[in-house]
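Visitor: Take this structure first; my questions come after.
The values are calculated or read from the model by the stated rules, or taken from the named source; none is laboratory data. Remember, it's a predicted structure, so these values are computed and weren't measured experimentally. Virtual Cβ from ideal backbone geometry, glycine too; neighbours counted across all protein chains shown. Ligands, DNA and RNA are excluded from the accessible area calculation, which covers all protein heavy atoms including side chains. Shrake-Rupley method; radii C 1.70, N 1.55, O 1.52, S 1.80 Å.
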Amino acid sequence: LDVESEDEILHQAQHHLFPRARAIRRRFKSSIKKLNMVCKLVRRARVDAALMQLAMNPKRAAVDVRKTIYDAKFNAANNHGMDPDNLVVDEIIIGRSRYLKRMEYKGRGKTGIRRKPYCYMCIYVREIQPTDAFQRVHLTRRRPRWKQGPIK
């Protein structure tokens, strides 16, 4: 192999080798941090497990993430011919959209601008491959440094 082909192999993501279906949600009324807290639960999880996890989540953003995953599952079955029972949430991309600017009235006759954040998300699903190893990585938490034992 020459050097250029080795670089291509190293920098090509493994999950992009398989066909994927997507669903996009634009102008989503939430901040990125709040949306990311919900999306962390379902990244790299099976679609049925992700939908069940989001159905029990009390956060407001969980409803729209659940609808978007369901749309991606529908797109995968109808547009790409994938098996809807054999899907995994491959990737969730979250980005910042425009702000809705409103007037904020302050004391002593002053005013300011109140920014209401909007964002977008793009969810990719793909079929489960035999090489996939499902770990409970997204549910395990690392202990904080101050709770860990002394440095050895």
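Visitor: Which residues, counting only those in the stretch 1-56, are within 27 Å of His80 (Cα to Cα), open to solvent by 100 Å² or more (accessible area, probe 1.4 Å), part of a helix (DSSP H, G or I) and at pLDDT 90 or above?
Guide: Lys40, Met52
Visitor: Evaluate the stretch 105-127: report whether one residue or more is free of Cβ contacts under 8 Å to residues at least 12 places away in the same chain, surrounded by 12 or more Cβ atoms within 10 Å (Cβ to Cβ), farther than 14 Å from Arg25 by Cα and hydrophobic (A, V, I, L, M, F, W, C). Break it down into steps so the answer makes sense when it comes.
Guide: Here is the first cut: in the stretch 105-127, the ones free of Cβ contacts under 8 Å to residues at least 12 places away in the same chain are 105-112.
With surrounded by 12 or more Cβ atoms within 10 Å (Cβ to Cβ) added as a condition, the list becomes none.
Taking every residue of the stretch 105-127 in turn, none turns out to be free of Cβ contacts under 8 Å to residues at least 12 places away in the same chain, surrounded by 12 or more Cβ atoms within 10 Å (Cβ to Cβ), farther than 14 Å from Arg25 by Cα and hydrophobic (A, V, I, L, M, F, W, C).
Visitor: From the list Pro130, Pro150, which one is out of contact with any strand residue (DSSP E or B) (no Cβ under 7 Å at 6 or more places or on another chain), exposed (fewer than 11 other Cβ atoms within 10 Å of the Cβ), of a type outside the set (A, V, I, L, M) and modelled with pLDDT of 75 or more? Working first, answer last.
Guide: Values: Pro150 fails: modelled with pLDDT of 75 or more.
Of the residues listed, the single one that is out of contact with any strand residue (DSSP E or B) (no Cβ under 7 Å at 6 or more places or on another chain), exposed (fewer than 11 other Cβ atoms within 10 Å of the Cβ), of a type outside the set (A, V, I, L, M) and modelled with pLDDT of 75 or more is Pro130.
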